[in-house]
1. Of the residues that sit in region 40-60 and are in contact with a strand residue (DSSP E or B) (Cβ under 7 Å, 6 or more places away or on another chain) and more than 21 Å from Arg313 (Cα to Cα), which one is most open to solvent (accessible area, probe 1.4 Å)?
2. I need the full set of residues from region 191-211 which are within 25 Å of the chain's Cα centre (by Cα), surrounded by fewer than 18 Cβ atoms within 10 Å (Cβ to Cβ) and without any contact (Cβ under 8 Å) to a residue 40 or more places away in the chain, in order please.
3. Go through region 289-308 and report how many residues are of a type outside the set (D, E, K, R) and under 14 Å from Val259 (Cβ atoms).
4. Of all residues being surrounded by 15 or more Cβ atoms within 10 Å (Cβ to Cβ), of a type outside the set (A, V, I, L, M, F, W, C) and outside any strand (DSSP E or B) in region 68-88, which is modelled with the lowest pLDDT? Just the residue, please.
5. What are the pairs, 6+ residues apart or on separate chains, where a residue within region 104-115 that is free of Cβ contacts under 8 Å to residues at least 24 places away in the same chain has its Cβ under 6 Å from a residue that is open to solvent by 10 Å² or more (accessible area, probe 1.4 Å) and assigned to a strand (DSSP E or B)?
6. Which of the residues that make up region 136-154 are touching a Pro at 6+ places or on another chain (Cβ under 6 Å) and open to solvent by 30 Å² or more (accessible area, probe 1.4 Å)?
7. Quick one: Met110 ticks every box in (1) of a type in the set (A, V, I, L, M, F, W, C); (2) in contact with an Asp or Glu (Cβ under 7 Å, 6 or more places away or on another chain); (3) in a strand (DSSP E or B) bar one, so which box is it?
8. Does at least one position in region 119-135 carry a residue that is in contact (Cβ under 8 Å) with a residue 24 or more places away in the chain, open to solvent by 20 Å² or more (accessible area, probe 1.4 Å), in contact with a Leu (Cβ under 7 Å, 6 or more places away or on another chain) and within 23 Å of Ala309 (Cβ to Cβ)?
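The values are calculated or read from the model by the stated rules, or taken from the named source; none is laboratory data. Bear in mind that the values here come from a model prediction, so they are computed numbers and not experimental data. Cβ: placed from backbone, ideal geometry, glycine included. Neighbour counts: every protein chain shown. Areas reflect the complete protein model, heavy atoms only, side chains present, ligands, DNA and RNA absent. Shrake-Rupley method; radii C 1.70, N 1.55, O 1.52, S 1.80 Å.
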Amino acid sequence: MFRRTFLKPIVTLAFLAAAAPVLLAQSGSVETVEYDQPDASFPEPFSAILGLRELSGGQVLISDRIEQAVRRLDFQRGSMERVGRTGGGPGEYQMPGGLFALPGDTTLLMDMGNQRLVAILPDGQISSKSIPLRHPAGFPIFPRGVDAQGRIYFDLAGMMMPGLEEGAMAGVAPILRWGRSDESLDTLGYVNFPPMEPAGPGEARIEIGGGRFDPRDAWSVAPDGRVGIARREPYHVEWLSATGTAASGPAVPYDPVRVTRADKEAWADAMTSRGVMIQVENGRRRTMRPPRPNVDNLDWPDFKPPFTAYTARVTPEGELWLERSGSAEQRQRTYDVFDGSGNLVRQAVLLPGRELIAFGDGVLYALYTDEDDLQWLERYKR
């Protein structure tokens, strides 16, 4: 149940009994809720979790980019086991990335090192069949979501390559839905991103990342196939139905956050620790960690957009969560929560140093990064 309280930092955490979120304040009709006590904290740290998927029994799968491992975790027992092994052959993966729920307890793994999608079966075995991270039409597939029917959703934003030049230079790209079973490919709508410079002869570029606080739409997929898109000016959420029909919610006011030196350095740190760079040379692809950028050699906007790019996530019930932009000194993350009509219904505040990574059945999962850059996984009741 909810209780009213004041915001206060809590820095000591352990394995705790189930705890409800805390109602902090009410501004108009929008409540602010703090998630101040996890109901479970996994006892072992991780290096760089990129994906998490909750299984039906409450266990979770996580992918760790630095450790190059997929693991199955049991919070109740505090145990974990490795799933699959590192390599380039059948049933193997390199640099595991996103994890997406397919029907049942089958999970789709984005294997960035081998440039393919593979299925992790309910028994933990990895299917010998795989899907290349390239559609037969020639463009890359970087999944952003999967619906309850197993259809894969992705966009073509940030891609300068043959056939996509016009959209890349205009800063507009389609959201595509790909049916794996029947090979159908549908365009549901469009997203906006910073326009790209024209390509040189034979040049192909893919720019996917934080974008130095560049204005770009954020989006995610609900289990029923609806797509929630956050637009920047004016800040609002638009929902696309499974047939592509659009319906927009009201504009949301916000106070612009100025970009400081600390913000620039924090962005550069994140690009090095979490970024992925794909290099194409003589037709061969290589995936690696990017070097740390020199912030003095880059152009920066004066203000951040209202929400942080690539943080849009949809709960199993169909709410869209977006991280509200804040300053580097502000260690508490705030998330705007929108209903299925695009209305802002509340704000959620996590403990200092925590960030949302995934949702489960009535819970959310957050990562806490300590001073040694180790990640600790926590679960909170919603």
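1. Glu44
2. Within region 191-211, Pro194, Pro195 meet the criteria.
3. Counting residues in region 289-308 that are of a type outside the set (D, E, K, R) and under 14 Å from Val259 (Cβ atoms) gives 8.
4. Gln68
5. Thr106/Ala119
6. Scanning region 136-154 gives a single hit, Ala148.
7. Single failed check for Met110: (2).
8. Among the residues of region 119-135, not one is in contact (Cβ under 8 Å) with a residue 24 or more places away in the chain, open to solvent by 20 Å² or more (accessible area, probe 1.4 Å), in contact with a Leu (Cβ under 7 Å, 6 or more places away or on another chain) and within 23 Å of Ala309 (Cβ to Cβ), which makes the answer no.
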